[in-house]
Every structure is written in C-alpha cells, then in structure tokens.
Amino acid sequence: AQKITQTQPGMFVQEKEAVTLDCTYDTSDPSYGLFWYKQPSSGEMIFLIYQGSYDQQNATEGRYSLNFQKARKSANLVISASQLGDSAMYFCAMREGQGYNTDKLIFGTGTRLQVFP
Amino acid sequence: EAGVTQFPSHSVIEKGQTVTLRCDPISGHDNLYWYRRVMGKEIKFLLHFVKESKQDESGMPNNRFLAERTGGTYSTLKVQPAELEDSGVYFCASSSDRFPYEQYFGPGTRLTVT
C-alpha cells in the first residue's frame, strides 16, 4: 500500500539556520511525484515544491530544496536560512502514476516546525 | 487571481444534523478535489471531480457524504446526517488540465460535530 511517513512530529530551528524535515515513502509504482506543503496557523495549504520520480536533479525553489534519494525512498525537505515566518506545519505528500485517475495525493501526518530568534 | 475559497470557515453542528460545505476552485481549473483531516491523523483524499464528473470517489467514507459539482464550477459536500467522527478539517483543492498535479488548496472548513 502507498504510504508517506513523517517521523518528526516537531522540530525546532534557530533563525538563519538550515533545517531538514524528513519524509519517506512507499510505493510499487515506478511513476510518482512527491510534494511538500506548508500549513501556517491561518490554515491554508501552500504548495512549496515538487519532485517527479524520473527527475534527474533534486528540485529547488528559492530557500526550499528537496533531497530526493530514490533508493532509500526518501524525499526530505531542506529549508535554508530559516525565517520566523517559516514556523508552520509541513506536510509531505505523494501522487502515484499519471493521468486523471491517479492525481489524488497521499499525505503524511506532518511536522510542526518552530523557528526561534 | 483568486485562490481556492471555501465556505464556511467553521461549522459547529449537532449529531444528526446536516451540513453543506462549499468550495470555489481557481477559475478555469477543471480538477477539483476534496480531502479531510481528522484530528491528529493525516489528510485523506475523499474524491476528485473533472469538471462536473466524479473521476474518483474511492475515499468517500460512506453514503452519508454527497458531493456535487453542478456546471463544473463550484462544488458542495453535504454530510447528512452528521456523526461525531465526521469532525475535522475539510480541504478543497483544484488544479488545471495543463498541470493536473499542482493542486492548490483552500483554507479548509473546520467541522465540529457535537
């Protein structure tokens, strides 16, 4: 069965430091996509970054990068130069396959990140 | 460009009552998804519309839940009758035909059944 595991319920990081949020996944489908979403206290889910299973390079979006290790089935999110505004819940998610039938996302339980001054 | 909007933001109802949640996707997005997060658990997929058609409703928990998307624009999710275990946050997301996997989420509706 497809599954996303986030083993860190909470993480603390000091402002300006880098932090890694862990995510492992399980799937038997060779085609899949991995996502990270941020959920601040206001409640909306903000799309951060996407990695396709066939992408050769790790995805990067500004201060966010995805450390994709296919053999280990891990897709950790790295936030560089943390800011106070990064404090939020972070969800890792996976999409399996291609096409309309398989665009549903499977989520992990989330990691709450707190950035302190 | 307006994002995905959901109404209401909060709803408190008694067990046995009916509640209808509404989602307005980003304009032009054919794909619309409903998810929910029950307290302390992961966010789970409920169903997926492509325009007005239900593409995948494998996540709908039971027949007390009814989703519609008349005209392929906004969608409603009705819970009738509500049970205590239906409490949680209901998210709606939408994506375009061109980038179907880039799902943009709304702020969610927090449903509390007492």
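The values are calculated or read from the model by the stated rules, or taken from the named source; none is laboratory data. Here the structure is a predicted model, which is why all the values come from computation and not from measurement. When we count neighbours, we look across all protein chains shown, and the Cβ atoms used for this are built from the backbone with ideal geometry, even at glycine. These area figures cover heavy atoms from the full protein model, side chains too; ligands, DNA and RNA do not enter into them. Shrake-Rupley method; radii C 1.70, N 1.55, O 1.52, S 1.80 Å.
Restricting A:VAL115, A:VAL78 to those that are surrounded by 19 or more Cβ atoms within 10 Å (Cβ to Cβ), in contact (Cβ under 8 Å) with a residue 40 or more places away in the chain and either closer than 23 Å to B:PHE49 by Cα or of a type in the set (Val, Ile, Thr) (or both) reduces the list to A:VAL115. Residue check: is B:THR114 under 24 Å from A:GLN39 (Cβ atoms), among the polar types (S, T, N, Q), modelled with pLDDT of 95 or more and open to solvent by 10 Å² or more (accessible area, probe 1.4 Å)? Answer is no for this residue. Within the range B:84-107, the set of residues being at pLDDT 95 or above and at the interface with another protein chain (Cβ under 7 Å from one of its Cβ atoms) comprises just one member, B:PHE91. Tallying residues that are more than 13 Å from every other protein chain (Cβ to nearest Cβ) and modelled with pLDDT of 95 or more within the range B:1-22 yields 13. Scanning the range A:26-42 for residues that are under 17 Å from the mean Cα position of the chain (by Cα) and open to solvent by 10 Å² or more (accessible area, probe 1.4 Å) yields A:ASP26, A:THR27, A:TYR32, A:LYS38, A:GLN39, A:PRO40. Anything in the range B:43-60 that is within 23 Å of A:PHE91 (Cα to Cα), open to solvent by 60 Å² or more (accessible area, probe 1.4 Å) and part of a loop (DSSP other than H, G, I, E, B)? List them, or say none. B:GLU57, B:SER58 - these are the residues of the range B:43-60 that are within 23 Å of A:PHE91 (Cα to Cα), open to solvent by 60 Å² or more (accessible area, probe 1.4 Å) and part of a loop (DSSP other than H, G, I, E, B). Checking the structure you have, find out if any residue of the range A:72-86 is over 18 Å from A:PRO30 (Cβ atoms), within 11 Å of chain B (Cβ to nearest Cβ) and out of contact with any Lys or Arg (no Cβ under 9 Å at 6 or more places or on another chain). No: the range A:72-86 contains no residue that is over 18 Å from A:PRO30 (Cβ atoms), within 11 Å of chain B (Cβ to nearest Cβ) and out of contact with any Lys or Arg (no Cβ under 9 Å at 6 or more places or on another chain). In the condition set (1) aliphatic (A, V, I, L, M); (2) away from chain A (no Cβ under 14 Å); (3) crowded, with 19+ Cβ neighbours inside 10 Å, B:LEU66 is compliant with all but (3).
Determine, yes or no, whether A:THR109 is away from chain B (no Cβ under 13 Å), modelled with pLDDT under 95 and surrounded by 15 or more Cβ atoms within 10 Å (Cβ to Cβ). For A:THR109, the condition - away from chain B (no Cβ under 13 Å), modelled with pLDDT under 95 and surrounded by 15 or more Cβ atoms within 10 Å (Cβ to Cβ) - is not met.
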